[in-house]
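Please read the structure below before turning to the comments.
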Amino acid sequence: MSQELIQAITDMREEDAVKLATQLVEEGKDPITILDACREAMSIIGKRFETGECFIPELILAGEILTQISAIVKPHLQKDGASKKIGKVVLGTVEGDIHDIAKDIVGFMLDVNGFEVTDLGVDVPPAKFVEAVKQTGATIVGLSGFLTLAFDPMKFTVQAFKDAGLTDVKVMIGGGQIDEQIRQYTGADAYGKDAMAAVSLAKQWI
Ligand code: B12
């Protein structure tokens with residue numbers, strides 16, 4: 001059945017994928033297994049994109065399917081007690097950048113791994129990050145960005161935390177163009193290459 005779900009997602013059969021995920025949840029399938037299937041499907045789609053077998057519209061559609069399935073699965077994770085919160089994270093795509101598929105995956109993985117995630121969405125100015133950290137008491141911030149133009153907003157956001165006296169907040173950054181060199185440029189505490197790296201970093205910091 002998980003294999004069928006992977007197939008439905010990678011075939012971009014949106015309705016079938018959502019129906020299958022609902023059915024799996026109703027049958028009492030472990031929510032984590034359903035999420036693993038989604039992750040596997042996204043990784044297949046990512047590889048197809050790299051090799052030119054699929055294009056941007058498919059990536060967008062896959063992101064939408066993933067969002068719908070997440071909404072179906074998440075309440076059941078809570079019921080299982082799998083979501084006992086272990087830390088708070090403020091997450092967002094930085095100012096000037098609207099790429100959110102990857103950010104949503106990062107948020108989703110942090111969530112299912114026990115973090116309370118405040119997702120500020122896309123095109124988020126530094127002041128909004130600062131305000132959210134003050135409001136939620138989060139100790140970890142995740143900045144996502146895919147554009148070269150995102151480097152400076154990341155740097156300004158890191159600086160904004162310092163200016164606001166929030167020196168204990170740990171900041172991780174990630175996204176397509178981000179690497180260790182950009183981390184140094186922005187002054188962030190860490191760079192994570194994928195959603196699992198985001199989870200590992202967050203776990204190290206709590
Ligand atoms: C899909 C896509 C879009 C979609 C976005 C849909 C959406 N809702 O997100 C659309 C079509 C809207 C789009 C728009 C644009 N895009 Co675009 N887009 C992409 C594309 C093809 C894939 C990005 C993606 O979602 N990948 C899928 C994710 C899941 O893959 P991933 O990177 O492995 O994800 C992991 C990591 O990134 C990491 N991660 C991500 N965030 C974080 C955060 C933290 C804290 C951590 C630890 C980890 C982490 O974890 C993720 C999950 O494991 C990239 C090309 C590429 N190869 O990256 C171009 C790309 C990023 N886009 C690009 C451009 C130029 C644009 C536009 C400016 C195009 C235009 N002329 O209008 C606009 C930008 C508008 C704006 N202001 O933001 C360029 C950027 C070039 C540059 N150097 O700046 C790229 C590189 C394409 C290219 N080769 O030219 N884009």
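The values are calculated or read from the model by the stated rules, or taken from the named source; none is laboratory data. Bear in mind the structure is a predicted one, so any value in this text is a computation, not a measurement. Here Cβ is always computed from backbone atoms with ideal geometry, including for glycine, and neighbour counts include all displayed protein chains.
Does Ile65 satisfy the criteria of being part of a loop (DSSP other than H, G, I, E, B) and either touching a helix residue (DSSP H, G or I) at 6+ places or on another chain (Cβ under 8 Å) or modelled with pLDDT of 90 or more (or both)? The answer is no for Ile65.
Give segment 134-158 a look and list any residue that's touching a Pro at 6+ places or on another chain (Cβ under 6 Å) and farther than 16 Å from Met172 by Cβ, or say none. Matches in segment 134-158: Phe156 only. Cβ separations smaller than 8 Å between residues 6+ apart or across chains give the following pairs from segment 191-206 residues that are aromatic (Phe, Trp, Tyr) to residues that are at pLDDT 95 or above and near the ligand (Cβ under 7 Å from one of its atoms): Tyr191/Met172; Tyr191/Ile173; Tyr191/Gly174.
Counting the residues of segment 145-165 that are loosely packed, with under 15 Cβ neighbours inside 10 Å and either of a type in the set (Val, Ile, Thr) or touching a His at 6+ places or on another chain (Cβ under 7 Å) (or both) gives 1.
Within segment 125-132, identify whether any single residue is under 20 Å from Ser200 (Cβ atoms) and among the aliphatic types (A, V, I, L, M), and answer yes or no. The answer is no, given that none of the residues of segment 125-132 is under 20 Å from Ser200 (Cβ atoms) and among the aliphatic types (A, V, I, L, M).
Kindly list, by first and then second residue, each pair from a residue in segment 175-186 that is within 18 Å of Val106 (Cα to Cα) and part of a helix (DSSP H, G or I) to a residue that is β-branched (Val, Ile, Thr) and at pLDDT 95 or above, limited to pairs with Cβ atoms under 7 Å and residues at least 6 apart or on different chains. Note: pairs meeting the criteria are Arg183/Ile173. State all residues of segment 118-158 that are in a loop (DSSP other than H, G, I, E, B), free of Cβ contacts under 8 Å to residues at least 40 places away in the same chain and either basic (Lys, Arg) or within 12 Å of the ligand (Cβ to nearest atom) (or both); if no residue qualifies, say none. Correct list: Gly121, Val122, Asp123. Set side by side, the residues Ile45, Ile32, Ile60 differ, and just one is among the β-branched types (Val, Ile, Thr), more than 9 Å from the ligand (Cβ to nearest atom) and either in a helix (DSSP H, G or I) or under 20 Å from Met196 (Cα atoms) (or both), which is Ile32.
Just to be sure before I move on: is Val73 away from the ligand (no atom under 11 Å from the Cβ), under 18 Å from the mean Cα position of the chain (by Cα), surrounded by 21 or more Cβ atoms within 10 Å (Cβ to Cβ) and not in a strand (DSSP E or B) in the structure I sent? When the stated conditions are applied, Val73 passes them. Looking only at segment 78-100, residues that are modelled with pLDDT under 85 and crowded, with 19+ Cβ neighbours inside 10 Å come to 1 in all.
Based on this model, can you work out whether Ala102 counts as in contact (Cβ under 8 Å) with a residue 40 or more places away in the chain, small (Gly, Ala, Ser) and within 24 Å of Ile69 (Cα to Cα)? Considered against the rule, which asks whether it is in contact (Cβ under 8 Å) with a residue 40 or more places away in the chain, small (Gly, Ala, Ser) and within 24 Å of Ile69 (Cα to Cα), Ala102 comes out as yes.
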